[in-house]
Amino acid sequence: TPAVSDGVVYFGSKDGWIYAVSIKEGKLLWRYETGGKVLTSPLAAEDMVFIGSNDYYFYALGAKDGRLIWRSKQVDYKYGGMYSSPIYSGGVVYITSKSGITNALDAKSGARVWAHRTGSSIYSSPVIHKGTFLLATYNRNLLALDAGKGTYIWQAELGEWPYSSPVVVKDRIYIGLKNGRIKSFNIKDGKLEREYKFPDEVNSTMAVSKNNIALVGCEDGGLYALNLEKNEVVLQYMTNGGIHSSPAIASNGIVFVGSKDGFAYAFGK
């Protein structure tokens, strides 16, 4: 997924390059070559662009000129590569990888603030909510860590593989799973509260509107509107291909989503 900041679009490519282009005419402003495929989303913060590459390095580049500010080699003891996207909070950049290791790095220097090793690969992007760092692992667990220290808070069993990322709504954490279920957990103790079963795999991260309607893409091609309070689907639209991309809700209420049928869709309120 590209990142947009101050009129510039940043994105990585499987050709190993990181690109910056102007949002108005698509003019190339700069590019930077890494040593591997770039499969993560970039993050723009503090006049820098943060992004991981499958050369095992995590990069901090100048947002205006693409110059290398720092890079951090990621220890890879089991599997290679980074698929999940970085997140930023309070001067710290957080990254996870297939190695199962989460690193919290100082955004300005790249110095390690803390590291936490799980026993499994991580594909799903993490999220931070009120000082709690939440991540889902490939061995079917949802973990909560202290975002400032990296210390363990709780762990909950998911029962299936997660590719989508956790979403926090009020005091609940929602996550979609490969078995088609969306499960919600209490953010304080990780207790399972409720779940909903869709017809097929849920690989995309749901988007939530202001009125607590979750938009969920499904492998059966459906875009579903799930009322989180009633725990029931209130609307649905079937495309002709599975939906892996996450729906996006614009400020005017229009919903955008891509499908494996090759089309991008826009839906009214």
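Relative to a virtual label point 7 Å from the Cα of N139 in the Cα→beta-carbon direction, which members of the range 90-108 show backbone nitrogen distances below 20 Å? Under 20 Å, as judged by backbone N against the label point of N139, lie 95-104 of the range 90-108.
Going highest first, how would you order 47-59, 148-160, 121-133 by mean Cβ packing within 10 Å? Don't jump to the answer; show the numbers that get you there.
Values: 47-59: 22.8, 148-160: 14.9, 121-133: 19.7.
Answer by packing, highest mean first, reads 47-59, 121-133, 148-160.
Taken over the C-alpha atoms, the range 195-236 has Rg and Dmax values of 9.5, 26 angstrom. For the residue pairs K108/K149; K191/K230; K108/K170; K149/K183; K130/K197, the C-alpha atoms sit more than 21 angstrom apart in K108/K170; K149/K183; K130/K197. In this structure, the amide hydrogen of K64, modeled 1.01 Å from its nitrogen in the peptide plane, lies closer than 5 angstrom to no residue at least 5 positions away or on a different chain. Using the Cβ-Cβ distance between A250 and K14 with R0 = 22 Å, the FRET efficiency computed as 1/(1 + (r/R0)^6) comes to roughly 0.20.
Remark: the range 42-49, residue by residue, has Karplus-estimated 3J(HN,Hα) of x, 10, 9, 7, 6, 6, 10, 10 Hz, where x stands for each Gly or Pro and the curve is 6.51 cos²θ - 1.76 cosθ + 1.60 at θ = phi - 60°. Of the GluC sites (Glu not before Pro) found in the range 190-269, those that fall in a DSSP loop while having at most 10 other beta-carbon atoms within 10 Å are E229. Per residue, the average separation of C-alpha pairs within less than 8 Å and at least 6 apart gives the range 1-120 a relative contact order of 15 percent. For the chain, the pair-distance distribution built from all alpha carbon pairs, in bins 5 Å wide starting at 0, is 1, 6, 13, 16, 18, 17, 15, 10, 4, 1, 0 percent. Once backbone amide H atoms are built at 1.01 Å from N, F198 has R181, I182 as its partners under 5 Å, excluding neighbours fewer than 5 places away on the same chain.
Counting only protein heavy atoms and a 1.4 Å probe, tell me what percentage of the range 1-151's accessible area is made up of carbon and sulfur. Before the final figure, lay out the partial values.
Numbers: 3190 of 6740 Å².
Accessible surface attributable to carbon and sulfur in the range 1-151 totals 47 percent.
Put a dot 7 Å past the Cα of K230, heading toward its Cβ, do the same for D171, and the two dots end up 2.5 nm apart.
Scalar couplings 3J(HN,Hα) for the range 123-133, obtained by applying the Karplus form with A = 6.51, B = -1.76, C = 1.60 to θ = phi - 60°, are 9, 6, 6, x, 8, 10, 9, 6, x, 10, 9 Hz; x denotes Gly and Pro. When you filter the chymotrypsin sites (Phe, Trp or Tyr not before Pro) in the range 189-269 for DSSP loop state and at most 14 other Cβ atoms inside 10 Å of their Cβ, you are left with F263. Amide H contacts of V113 (H built 1.01 Å from N, in plane; Pro and chain starts excluded): A104, L105, D106 sit under 5 Å, all sequence-distant by 5 or more or on other chains.
The values are calculated or read from the model by the stated rules, or taken from the named source; none is laboratory data. Just so you know, these numbers come straight off a predicted model, no measurement behind them. Cβ atoms come from the backbone with ideal geometry, glycine included; neighbour counts cover every protein chain shown. Remember, those area values only see protein heavy atoms, side chains included, never the ligands or the DNA or RNA. Shrake-Rupley method; radii C 1.70, N 1.55, O 1.52, S 1.80 Å.
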